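One structure is given here, and the rest of the page talks about it.
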Amino acid sequence: MEGKFIVIEGLDGSGKTTQVRLLAEALRAMGRQVAETAEPTASTTGGLIRDALCGFTPRTGAEIAALFMADRVAHNVNPVWGIGRMLAQGKDVVCDRYYYSSLAYQGSVTDPEWVYELNLHCPEIRRPDLCVFLDMDYAGCCRRMERDRGFREIYENEEALNAVRRKYFDVFRRLEGRDRIRVVDAGRPPEEVARDVLAAVRELLEGPASPVFSPSPGILD
Ligand code: TMP
């Protein structure tokens, strides 16, 4: 049976790395096989993206959107490390960022309709089974970024991050009914956040609660 494809999203500094690890550990403890992955990937395209994000190679928003799209296609279809292969092997894939990031970040700096088109209408970019958004405000993200890294990338300033956070919510409203998305308050201790993330995943794995038995009219007469 195919595994489940679960995406963890959030602003820079919202604790995604920790939550990906904790979720993978919890799924393994349930006896499931899990592959952890992230975007941008470690591919050559991923390297071009990182050079642009740290400002080393300046690029336009549209160039960056196109690079992310190419990286995402490879991430789906690569025969060795692709998401498709992992799922087909029965592994759950837990991915740190996916197309929701492009819709929120690149959608804030270039034509958002084109970014939707690139990502949602590409036959080689699969739709996740679940996206969990770790919601945190700018102040919380900053505290964590400064504690963990001491440097910032091009999108990591207050105005940009607030705009991206608003954009994420626009994206989620737009995808309502298309994608399964759950928002978790990430401004709490990691164990509490992890509990809510796991609850969202369990809801996916267990499916909707079974309907209450209600006999047809007249059957108990
Ligand atoms: P991270 O490795 O800390 O998650 O940072 C990756 C950066 O890449 C982050 O600033 C968000 C950005 N990004 C986009 O702008 N668009 C995308 O599609 C993805 C996957 C990431």
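All of Arg149, Arg143, Arg165 fail the test of being at pLDDT 85 or above and not aromatic (Phe, Trp, Tyr), apart from Arg165.
If you check Cys95, Cys54 for being open to solvent by 30 Å² or more (accessible area, probe 1.4 Å) and under 29 Å from Asp185 (Cα atoms), only one passes: Cys54. In the set Ile49, Ile83, only one residue is touching a residue at least 40 places away in the same chain (Cβ under 8 Å), in contact with a helix residue (DSSP H, G or I) (Cβ under 8 Å, 6 or more places away or on another chain) and β-branched (Val, Ile, Thr); that residue is Ile83. Residues that are surrounded by 13 or more Cβ atoms within 10 Å (Cβ to Cβ) and among the aliphatic types (A, V, I, L, M) were ranked within segment 11-29; the one that is farthest from Met136 (Cα to Cα) is Leu27. Condition check for Met69 on (1) in contact (Cβ under 8 Å) with a residue 40 or more places away in the chain; (2) within 13 Å of the ligand (Cβ to nearest atom); (3) open to solvent by less than 30 Å² (accessible area, probe 1.4 Å): one failure, at (3). In segment 16-66, what residues are more than 13 Å from the ligand (Cβ to nearest atom), assigned to a helix (DSSP H, G or I) and β-branched (Val, Ile, Thr)? The one that is more than 13 Å from the ligand (Cβ to nearest atom), assigned to a helix (DSSP H, G or I) and β-branched (Val, Ile, Thr): Thr44.
Looking across segment 1-57, just one residue is hydrophobic (A, V, I, L, M, F, W, C), more than 18 Å from the chain's Cα centre (by Cα) and under 20 Å from Val77 (Cβ atoms), and that is Leu48. Sub-8 Å Cβ pairs linking a first residue in segment 15-38 that is on the phi > 0 side of the Ramachandran plot to a second residue that is modelled with pLDDT of 95 or more and assigned to a loop (DSSP other than H, G, I, E, B), at least 6 apart or interchain, are Gly15/Ala186, ordered by first then second residue. Candidates in segment 68-123 are the residues that are assigned to a helix (DSSP H, G or I) and among the polar types (S, T, N, Q); of these, the one that is farthest from Arg165 (Cα to Cα) is Asn76.
Quick check on my filter: what residues within segment 74-107 are within 11 Å of the ligand (Cβ to nearest atom) and either of a type in the set (A, V, I, L, M) or over 17 Å from the mean Cα position of the chain (by Cα) (or both)? Result: Leu103, Ala104. Kindly check whether there is at least one residue in segment 126-142 that is open to solvent by 20 Å² or more (accessible area, probe 1.4 Å), in a helix (DSSP H, G or I) and more than 10 Å from the ligand (Cβ to nearest atom). Yes; the residues of segment 126-142 include at least one that is open to solvent by 20 Å² or more (accessible area, probe 1.4 Å), in a helix (DSSP H, G or I) and more than 10 Å from the ligand (Cβ to nearest atom). Of all residue pairs spaced 6 or more apart or on separate chains, those with beta-carbon atoms under 8 Å, a first member in segment 123-134 that is basic (Lys, Arg) and a second member that is outside any loop (DSSP other than H, G, I, E, B) and surrounded by 20 or more Cβ atoms within 10 Å (Cβ to Cβ) are Arg126/Phe5; Arg126/Ile83. Report, by residue number, each residue of segment 115-125 that is more than 14 Å from the ligand (Cβ to nearest atom) and in contact with a helix residue (DSSP H, G or I) (Cβ under 8 Å, 6 or more places away or on another chain). Within segment 115-125, just Glu124 meets the criteria.
The values are calculated or read from the model by the stated rules, or taken from the named source; none is laboratory data. Keep in mind it's a predicted model, so treat the numbers as computed, not measured. Note that we place each Cβ from the backbone using ideal geometry, even for glycine, and neighbour counts take in every protein chain shown. SASA here: full protein model, heavy atoms, side chains in, ligands and nucleic acids out. Shrake-Rupley method; radii C 1.70, N 1.55, O 1.52, S 1.80 Å.
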